[in-house]
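Here's the structure, in structure tokens; my notes come after.
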4 protein chains.
Amino acid sequence: LSAGSAGAFGPWTETVEALAAELGATAAARDAAGGSAQAERELIRQSGLLALAVPVEWGGPGASWELVLRTVRRLAQADSSLAHLFGFQHLQVATVRLFGTAEQQARYLGATVRDRWFWGNAVNSRDTRLTATRIDGGWRLDGVKGFCSGALGSDVLNVSISTGPEPTDRTFFVLPSDRTGLEIRDDWNSFGQRQTDSGTVKFDGVVVTDAERLGPAPAADTPWPSLRSLLSQSILTEIYLGNAIAALEQAGHYVRAEARPWAASNVDTAGDDPTLQLRAGESWASLQAAIALADSGAARLSNAYAGGPALTEAARAETAVAVASARWMAGGTALAVTQRVFELMGARSTAGGLRLDRYWRNVRVHTLHDPLDLRARELGRWALTGAPPVASAYS
Amino acid sequence: LSAGSAGAFGPWTETVEALAAELGATAAARDAAGGSAQAERELIRQSGLLALAVPVEWGGPGASWELVLRTVRRLAQADSSLAHLFGFQHLQVATVRLFGTAEQQARYLGATVRDRWFWGNAVNSRDTRLTATRIDGGWRLDGVKGFCSGALGSDVLNVSISTGPEPTDRTFFVLPSDRTGLEIRDDWNSFGQRQTDSGTVKFDGVVVTDAERLGPAPAADTPWPSLRSLLSQSILTEIYLGNAIAALEQAGHYVRAEARPWAASNVDTAGDDPTLQLRAGESWASLQAAIALADSGAARLSNAYAGGPALTEAARAETAVAVASARWMAGGTALAVTQRVFELMGARSTAGGLRLDRYWRNVRVHTLHDPLDLRARELGRWALTGAPPVASAYS
Amino acid sequence: LSAGSAGAFGPWTETVEALAAELGATAAARDAAGGSAQAERELIRQSGLLALAVPVEWGGPGASWELVLRTVRRLAQADSSLAHLFGFQHLQVATVRLFGTAEQQARYLGATVRDRWFWGNAVNSRDTRLTATRIDGGWRLDGVKGFCSGALGSDVLNVSISTGPEPTDRTFFVLPSDRTGLEIRDDWNSFGQRQTDSGTVKFDGVVVTDAERLGPAPAADTPWPSLRSLLSQSILTEIYLGNAIAALEQAGHYVRAEARPWAASNVDTAGDDPTLQLRAGESWASLQAAIALADSGAARLSNAYAGGPALTEAARAETAVAVASARWMAGGTALAVTQRVFELMGARSTAGGLRLDRYWRNVRVHTLHDPLDLRARELGRWALTGAPPVASAYS
Amino acid sequence: LSAGSAGAFGPWTETVEALAAELGATAAARDAAGGSAQAERELIRQSGLLALAVPVEWGGPGASWELVLRTVRRLAQADSSLAHLFGFQHLQVATVRLFGTAEQQARYLGATVRDRWFWGNAVNSRDTRLTATRIDGGWRLDGVKGFCSGALGSDVLNVSISTGPEPTDRTFFVLPSDRTGLEIRDDWNSFGQRQTDSGTVKFDGVVVTDAERLGPAPAADTPWPSLRSLLSQSILTEIYLGNAIAALEQAGHYVRAEARPWAASNVDTAGDDPTLQLRAGESWASLQAAIALADSGAARLSNAYAGGPALTEAARAETAVAVASARWMAGGTALAVTQRVFELMGARSTAGGLRLDRYWRNVRVHTLHDPLDLRARELGRWALTGAPPVASAYS
């Protein structure tokens, strides 16, 4: 049970595995502590992986999104919160690529490589408390945004605001995290994904220039920019899978090392217990299906992204359906697997120090943003009527 | 959605409700803190409810087990850990009734009323590290027992040890919790049921007298004593239900007070959202079924207990099947409900301070002792072959 | 696993059991043949049970609805189609009681006893092809109605038509089945519930008199008449349960008599197979829960019906919730159980002659009228907002 | 929702689609009739597809197993029974390839191409009523075999018998279907897969020569021959998927053409109903996951087969796990989807003439051979202990 075959991260395999090992060693303790994991963010920065998806053109290695997503999954097996920060770093990079002018791409992606920028965001579209006022040569931002993943400790922020009711009315600003008037609060506290630094950002007369507003992109009215939300969804998919894979792996280790069979089972080891085998097999096989669908969706999405702005409506629709299907399946499967692994391990596996419930807590929290049932409804409409998922902030 | 109709606790209704309110007011904070809730145990003691099931004959009010179980459910809605302590208090009282001589019943149950004893236990049958050595006039106990719910802070302990392979080889000792050689450790730490004081008890040459060994009971070879494990199972059933009821109630409150509908839903309030209604209805109706089956099982068990030692094998089998069915159903339903309520409330309900995940954590931990799948197998054997559940420490 | 304890049908126990035995003996063959079971309808008529719920006042035995529903369940174990006809007979009797004047009750219920009337219906509210035109002294009916259970071979028909958009705009007519202009077609053919005679009735200038229009009832604007749809729902609930109970019983018989364990299971008989035990236990226990909830709902409904027109809005709401919960649970459980029993029995149990798939087919067909998901939504709205189920033709 | 992208059947695309169309046109009627579909078998024979997997070396087109399996899926969408016959044709071809000598491969596979042989089988390993007695220069077979798919109307039969307790003790004989002493009965009658000609074959002193016994194969003690059971499993996987895809497609057609929304839903068309969308989406996405896993398993298996006898134990284990996971997932998903589609379409979709229940009946019957729970246990043992699935007649 692994995130992929050996060498799946190409030239970065050793780097990814080393980073995963370092993060994993302290993940349980940091889940208990909560708060911001600035030291571990620094480990990610030093790995050089923050620029993974920056195109060669701007000095990056130009890794495919398939590889980026596989890396998110691998890191999520070790540390779900930091995998989220890692994934969303790349989402901001992609945002510049999808919405920025060539000049902006050169500027911001170049700096991402050169200065090892860690990107944060303040883009939660359901939070409408942030307002932008037109001023001479730019805008003044006032208000607050919640769920600003990665903002705390970031070098640069991607801020978005809707200037109208349409998905295309969404505006992205890029500004340094130390811009005057910005207050990035250390107030994130949820029962899962505890170190994603997803707190509140307060804007008090923050000035942004016109040059800091992404775009106009060459093809703003095409399906191409809507890939942003598909990338975002796919990152979540991989985080769910990483948690589920890790939970089932941990359960396997525990069963082999610790678990005792029930007397009534008449077997020598817990691994021989027919009921435990059945339950483990159900988790295993459903997880394999979720992984296969995620792999298929990631390949399609990676391909659509690599193809650039010429993306057709039809291809966009097929990709959106594939990505949404994968997320629905991964979310439901990960909830089930992370809940059920305790039935393989038994009561002692609930010892507080092991914090093995963190897999369920992480998935439970992370599946509530952009609810799975809404995705299912979109897929059902597609199946029943042929209407593709609406391109929106959340699809 | 309530544990029962108004007045369901008879003359104790006001007392039960007041106690539930007091425990509920601090339950979330104490779930965060963990450790021992000695002050809250004192509240229970002062309520006078510790003697609820003591027969009139020994000075108690002689409440039915149906009422005791309903009270466990009600308290579990407020505080799952203390409801467990409350329920297991009554299990120890029943142990004296089921296994003790008339003299021992008079002595121990009388003191339970008179001195407001809080009972703890050290009876976990899967932990075989405790040994009993015959000495002149009694026994010497050495070793340790884990999962000793309620031992910490108790007045008296029910200790059991198996002196042979048969269920009937089980011996119960009653001894004061401050007996020389006893060390009751404050080392319980699980991710759920965090204040059940279910830590380790160390026995270092603890001497018990023959008079402190329960029995011989008048009818030790009848089905009657095996009701003990059915009472134990039923307490768990009620705790699962209490958590699920509370979780769904909390979700209802939250949806009415806090939740916003998704834009795509085109409804005014979250309560109008068809998908949320569907999910809430699924949880509601399955919970109603679990409650109906638990009520039915509790009535049957209460009746069997009230009927005394004349209980037949056939009646015992029917009761065991009813109790096991109820526990299986309650456990599975409570896991599902406590997991899914977040889908009704949305992402903000995962805020750390609310600790709404404690319902799931409590149920998850508590369903691993005596696994539900083993119960299902017993019920399936009954359905397929007519063989009744084996009377054992766990059935 | 039985529909109830011995003697559960009171003075009718022997009659009910004999009828069930007769119907059961030919049920599989008649499921294959389909069509109308006039001979078996005659058996029901001769049993005298058609008048079970007619009040003593009009010459009937005045059995409770609890007993009627329990009888539906018992008959459905033997023959799901004829149990439906039996249940809907009583629904028409109740319709007269709920909507008719005292004079109409005397006339129609008296004749039901005296002349052993078998009632049919043409009341499907989703089918709006039937129109009523006011004529002198009555109405003229033209058009068709589908899903007219029991019409073929009936003595008398209950016909309903909505004269406006409100639930209370529903009008019931009672007319003899041989009234001029009526054409009762033998065109029912569904893959389940194959002998419910639920074909089409054609109305070609059918004249009904004002006296044949039920009502005005003494309290037409109270919750009392809305019990009709709750009785209808509860009949379905019992049919689901009867099929599921029968399927699991058949599986038990088959496993004991025929099934062989898989070699890999290393057990002597199929009944010893841990996986089969687990699956049988899951079906058993969930079915027990569905039965307990149905019993609880039936008791409440029976009580509300017995209480008469004084039924309060609050009591109606609680009853409606109980009845809908029971139907939702019974439907889902019966679908699952009737699908899964084959996993207990193995491939040879799919032999065409056994027709053991009829349990699933019956439940599958019968759960589509008034879909379970709509019930769940109503229950969820109740749980989330406190709004009671709307009183309608289907609730 | 399709079995694959356009052109997925390479040069055979037109042939496959034409065959599927012809079979699909009469499939519902033939499901009602049951019995043997000799005319439709002739259509398959005339399509030339019976030799699809025969290697180029022996005059066949040498199509990959990936393509064969994809064709099974496509045909199963149209006609599940004939897709089974088609798939098992190729299984017999593979049996010659896996177990036969080079000479036998030349003889039997050459004739398969040249004479358009339709293969039947009598290999059911659970049926031990067939015995082989050593005679001079060969064997004499006596007894019966059940579940002999495709035997009726075949040109040649693959017969197997276990001569000892080990998987490797299995012997395959190839003999013409008109061999003296063979009686191929037309006695297949199951409620699903109704035209697979899976009746009984009676052997009355049937003589087979040593030359008709397959083998000794060049590498009989390697993992290579065990691919047979993986091919067999994969055919079942594709049949499950074909039924589920067809059921969901039919439901989509029906919803668009026929279904009316419920009044309470306040939507214009059934396809706009949020609850129907949710349910359709759940079916769609889970089916996508099952398809993705099946595709992944088929690719791996096809690759292992193409690699020939050098297959390693490790590669065999990974392939067996992939194939079993795919079958478990496809089976469970297809059962759920084929059961639930009626909830999308409503009560009128159960009309007898539509026979839309055949998808469920087909899957229900076909998932009982080699039960899914046994596969799950094997996968669980792998997950918990690392022990690979045992190579057996059924794995």
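The values are calculated or read from the model by the stated rules, or taken from the named source; none is laboratory data. What you see is a predicted model, and the numbers here were worked out from it, not measured in a lab. Virtual Cβ from ideal backbone geometry, glycine too; neighbours counted across all protein chains shown. Surface accessibility is based on the protein's heavy atoms, side chains included, excluding ligands, DNA and RNA. Shrake-Rupley method; radii C 1.70, N 1.55, O 1.52, S 1.80 Å.
Would you calculate the separation in nanometres between label points at B:Arg134 and C:Arg348, each defined as 7 Å from the Cα along the Cα-to-beta-carbon direction?
A separation of 5.5 nm, rounded to one decimal place.
Gaussian network model of chain B, Cα springs within a sub-10 Å range: biggest mean-square fluctuation belongs to which of B:Arg114, B:Arg30, B:Arg228?
In the Gaussian network model the winner is B:Arg114.
Please find, in a Gaussian network model of chain C (springs between Cα atoms separated by less than 10 Å), the residue of C:Gly380, C:Gly110, C:Gly100 whose mean-square fluctuation is greatest.
So, out of C:Gly380, C:Gly110, C:Gly100, the one fluctuating most is C:Gly380.
With a cut-off of 8 Å between alpha carbons and a minimum separation of six or more residues, what is the relative contact order of region B:276-395 in percent?
30
Give the Cα extents of region B:1-159 along the principal axes, in whole Å, largest first.
54, 40, 25
Total Å² of accessible surface buried at the C-B contact, 1.4 Å probe, nearest 100?
When C and B are taken together, about 2900 Å² of accessible area is lost.
From Cα pairs below 8 angstrom and at least 6 apart in sequence, can you work out the relative contact order of region C:189-340, rounded to a whole percent?
The normalised contact order for region C:189-340 reaches 37 percent.
In peptide C:325-332, how many Cβ atoms from other protein chains are near each Cβ within 10 Å, on average?
On the way: counts 9, 4, 1, 7, 7, 1, 0, 4.
Mean number of neighbouring Cβ atoms from other chains: 4.
For B:Gly138, enumerate residues with amide H under 5 Å from its amide H, sequence gap 5+ or separate chain, H modeled in the peptide plane.
B:Asp210
Find out how many positive minus negative residues lie around C:Glu183, taking Lys and Arg as positive, Asp and Glu as negative, among other residues whose Cβ is under 10 Å from that of C:Glu183.
Working: positive: C:Arg185, C:Lys202; negative: C:Asp204.
Once positives and negatives cancel, what remains is +1.
Shortest first and in nm to one decimal, what separations exist between C:Gly386 and its copies in the other chains, measuring from label points 7 Å along the Cα-to-beta-carbon line?
In ascending order, 4.8, 5.3, 6.0 nm.
I need the inter-copy label distances for D:Thr180: point set 7 Å along Cα to C-beta, values in nm with one decimal, smallest first.
Inter-copy label distances (nm, one decimal, shortest first): 7.9, 9.9, 10.9.
When you have a sec, figure out the Kirkwood radius of region A:123-233 from all distinct Cα pair distances and drop it here in Å to one decimal?
14.8
Could you check what % of the DSSP bridge pairs in the protein assembly as shown are antiparallel, to the nearest 5?
Restricted to the protein assembly as shown, the bridges split so that about 85 percent are antiparallel.
Between copies, how close do the A:Gly10 label points come, placed 7 Å along Cα→Cβ, listed in nm from shortest?
Result, one decimal in nm: 3.0, 7.5, 8.0.
Measure off, as a whole percent, the carbon and sulfur share of the 1.4 Å-probe accessible area of the protein assembly as shown, all protein chains present.
The C+S portion of the solvent-accessible surface of the protein assembly as shown is 52 percent.
Hey, can you rank C:46-52, B:127-133 by average C-beta count inside 10 Å, highest first?
C:46-52, B:127-133
On alpha-carbon atoms, Rg over Rh for region C:244-331 using Kirkwood Rh?
My calculation puts Rg/Rh at 1.26.
Could you grab the Rg to Rh ratio for region A:305-395? Cα atoms only, Kirkwood for Rh. Provide the component values of the computation, followed by the final result.
Values: Rg = 17.6 Å, Rh = 15.4 Å.
The Rg/Rh ratio comes out at 1.15.
At q = 0.17, 0.25, 0.32 Å⁻¹, what is the log10 ratio I(q)/I(0) for region D:63-116, with the Debye formula run over Cα points and no solvent?
Calculated log10 I(q)/I(0) at the listed q: -0.58, -0.96, -1.15.
First select every other residue whose beta carbon is under 11 angstrom from the beta carbon of C:Arg126; then total the charges, Lys and Arg +1, Asp and Glu -1. Don't skip to the answer; put the middle values down first.
Numbers: positive: C:Arg129, C:Lys145, D:Arg260, D:Arg348; negative: C:Asp127, C:Asp370.
With Lys, Arg at +1 and Asp, Glu at -1, the neighbours total +2.
Suppose R0 equals 45 Å. What FRET efficiency, 1/(1 + (r/R0)^6) with r the Cβ-Cβ distance, do B:Ala299 and D:Asp142 give to the nearest 0.05?
Taking R0 as 45 Å, the efficiency between B:Ala299 and D:Asp142 is 0.15.
FRET efficiency for B:Val390 and C:Glu258, Cβ-Cβ distance as r, R0 = 45 Å, nearest 0.05? It would help to have the intermediate numbers written out before the result.
Numbers: r = 26 Å, r/R0 = 0.59.
So the FRET efficiency works out to roughly 0.95.
Using the Kirkwood radius built from alpha carbon pairs, what does the Stokes-Einstein equation give as D for region C:187-340 at 20 °C and 1.002 mPa s, in µm² per second?
113
Long-range amide H contacts for B:Leu152: which residues qualify at under 5 Å (H placed 1.01 Å from N, peptide plane, sequence gap of 5 or more or a different chain)?
When sequence neighbours closer than 5 places are left aside, the close amide H contacts are B:Gly199.
Applying 1/(1 + (r/R0)^6) with R0 = 45 Å to the Cβ-Cβ distance of B:Asp169 and B:Glu42, what FRET efficiency is obtained, to the nearest 0.05?
Result of the calculation: an efficiency of 0.75.
Between C:Val207 and C:Thr13, with labels modelled 7 Å along Cα→Cβ, what's the label distance in nm to one decimal, could you check?
Result: 5.3 nm between the two label points.
Ignore the peptide's own chain and count Cβ atoms of other chains within 10 Å of each Cβ in C:338-347; give me the average, rounded.
4
Just to be sure I understand: if I project the alpha-carbon convex hull of region C:88-163 onto a plane and average over all orientations, what area do I get in nm²?
Reported value for the Cα convex hull: 5.5 nm².
Tell me which lysines have Cα within less than 21 Å of B:Lys145's Cα, excluding those fewer than 8 residues away on the same chain?
B:Lys202
Which chain B residue puts its Cβ closest to the axis that rotates B onto D, and at what distance in whole Å?
B:Pro274, 2
So what is the relative contact order of chain C, in percent, for Cα pairs below 8 Å that sit 6 or more residues apart?
17
Grab the eigenvalues of the alpha-carbon gyration tensor for chain D, scale each by 5, take roots, and send me the semi-axes largest first in whole angstrom. Before the final figure, lay out the partial values.
Values: eigenvalues 273, 106, 75 Å².
Taking √(5λ) for each eigenvalue gives 37, 23, 19 Å, largest first.
Go ahead and set up a Gaussian network model of chain B, Cα springs under 10 Å, then flag whichever of B:Val267, B:Val144, B:Val363 fluctuates most.
The residue with the greatest mean-square fluctuation here is B:Val267.
Run the Debye formula on the Cα coordinates of the protein assembly as shown, all scatterers equal and no solvent, and tell me log10 I(q)/I(0) at q = 0.04, 0.08 1/Å.
Relative scattering, expressed as log10 I(q)/I(0), comes to -0.28, -1.16.
Could I have the simple spin-label model distance between D:Glu318 and D:Asp115, label points 7 Å from Cα toward Cβ, reported in nm to one decimal?
With each label point 7 Å from Cα toward Cβ, the separation is 4.1 nm.
In peptide B:251-264, what is the residue-averaged number of other protein chain Cβ atoms found within 10 Å of each Cβ? Don't skip to the end; give the middle numbers.
Working: counts 2, 6, 0, 1, 3, 3, 0, 0, 1, 1, 0, 6, 6, 8.
For peptide B:251-264, the averaged partner shielding equals 3.
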